[in-house]
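Chemist: Have a look at this one before I ask anything.
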Amino acid sequence: MASTKKAEPKFGEAMAELEEILRRIESEEIDIDELAAQLKNASQLLELCRGKIRRAELEVTQIVQSIDSDEGSEDHEPAVTDGESS
């Protein structure tokens, strides 16, 4: 049986959808019968975005730590300033 699981939206797409839901709620375009479903969808999108942000923060932290450890393990020559040579 084929899976009908929808692909996870990109961060920008999820944020745009959240903004649209918020706009519709604020302008009272959403029917009260649809409100609960839209709020549930918004909640899921928020969790998705938070997860993406947490993963990006972790990746950036790991990259910075990797760069820092690479710099710390190399033999550094003194920096050359204007007019100086080694």
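The values are calculated or read from the model by the stated rules, or taken from the named source; none is laboratory data. Since the structure is predicted, the reported quantities are computational estimates derived from the model, not experimental observations. As a convention, Cβ positions derive from the backbone with ideal geometry for all residues, glycine included, and neighbour counts pool all protein chains shown.
Chemist: Return the pair list, or none, for Cβ contacts closer than 7 Å from residues in the range 30-50 that are within 14 Å of GLU17 (Cβ to Cβ) to residues that are polar (S, T, N, Q), at least 6 apart or on different chains.
Modeler: Cβ pairs passing all conditions: ILE30/GLN38.
Chemist: Can you confirm whether the range 42-63 contains a residue that is over 22 Å from LYS10 (Cβ atoms), aliphatic (A, V, I, L, M) and either surrounded by fewer than 10 Cβ atoms within 10 Å (Cβ to Cβ) or modelled with pLDDT under 95 (or both)?
Modeler: Step one: filter the range 42-63 for residues over 22 Å from LYS10 (Cβ atoms), giving none.
Within the range 42-63, none of the residues are over 22 Å from LYS10 (Cβ atoms), aliphatic (A, V, I, L, M) and either surrounded by fewer than 10 Cβ atoms within 10 Å (Cβ to Cβ) or modelled with pLDDT under 95 (or both).
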